[in-house]
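The values are calculated or read from the model by the stated rules, or taken from the named source; none is laboratory data. Predicted model only: the values in this text are computed from it and were never measured. Cβ placement follows ideal geometry from the backbone for every residue including glycine, while neighbour counts extend to all protein chains displayed. Just so you know, the surface numbers come from the protein's heavy atoms only, side chains and all, with ligands and any DNA or RNA stripped out. Shrake-Rupley method; radii C 1.70, N 1.55, O 1.52, S 1.80 Å.
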Amino acid sequence: MNARHNTIKPADIRSESKFGSFYSAYYKRFMRYALYYVGNEQTAEDITHDAILYYWENRDALSPETDVVGYLVLTVKNKCLNYLKHLQVEADFNKSYAELQEWEVKSRIMTLEDDNYTEIFTRELMDLVTASLAKLPQQTRDIFVQHRLDSKPRKEIAAAMGVSLQKIDYHVNKANDHLHKDLKDYIPILLIFLQRIFE
């Protein structure tokens, strides 16, 4: 299955124009990821902007084989972690902390500190998607899995199943609509970790 993002290397976004395009394409995804943990849109925007700027200013020190998206996920994760730890020790609880129960903050910190976090979290998200797809009719599920998860071309699926391309599109769109409704609370995180499914 191919549900992961396409690897982007530092050399792919070396110029300012390419970096600008990358920023436009990924900013909202990283921002939603940060928002899931910090619970405050302005803070999430600041963390995301700082993380991407930090990458740009330190790009020359990175290995040419660095996965830029993975690097930025880790940077945003660490910045969220630092922010939540700061909230935890605040003597004077501010409004942002009041919106989060103390146990939620501790739970999120423990999750972010886990070295196996990304792998475990991605697996849990795939379990959610699999459970949601199980609610669909067999043909719709099979077509969606082959096209979006196994990356098979539409023509190949249509030929194997003896249906038209329009039928393939119908079932893929039907499954997409179902997933967006059924997993609406998880969409921001799914777009980061399982981007291929929702392209």
> Can you give the accessible area of Ile52 in Å² (nearest 10), computed on protein heavy atoms with a 1.4 Å probe?
Replying inline: 0
> Hey, which lysines would be in cross-link range of Lys85, C-alpha to C-alpha under 23 Å, not counting anything within fewer than 8 residues on its own chain?
Replying inline: Lys77, Lys95, Lys106
> Once the principal axes of the Cα atoms of the stretch 4-69 are found, what is the range along each, listed largest first in whole angstroms?
Replying inline: 34, 26, 20
>> Between Lys155 and Leu81, what's the calculated FRET efficiency when r is the beta-carbon distance and R0 is 45 Å? Round to 0.05.
In response: 0.50
> Cross-link partners among lysines for Lys184, C-alpha distance below 18 Å, same-chain residues fewer than 8 apart left out?
Replying inline: Lys28, Lys135, Lys174
> At a Förster radius of 25 Å, what calculated FRET efficiency corresponds to the Cβ-Cβ distance of Lys135 and Glu41, to the nearest 0.05?
Replying inline: 0.20
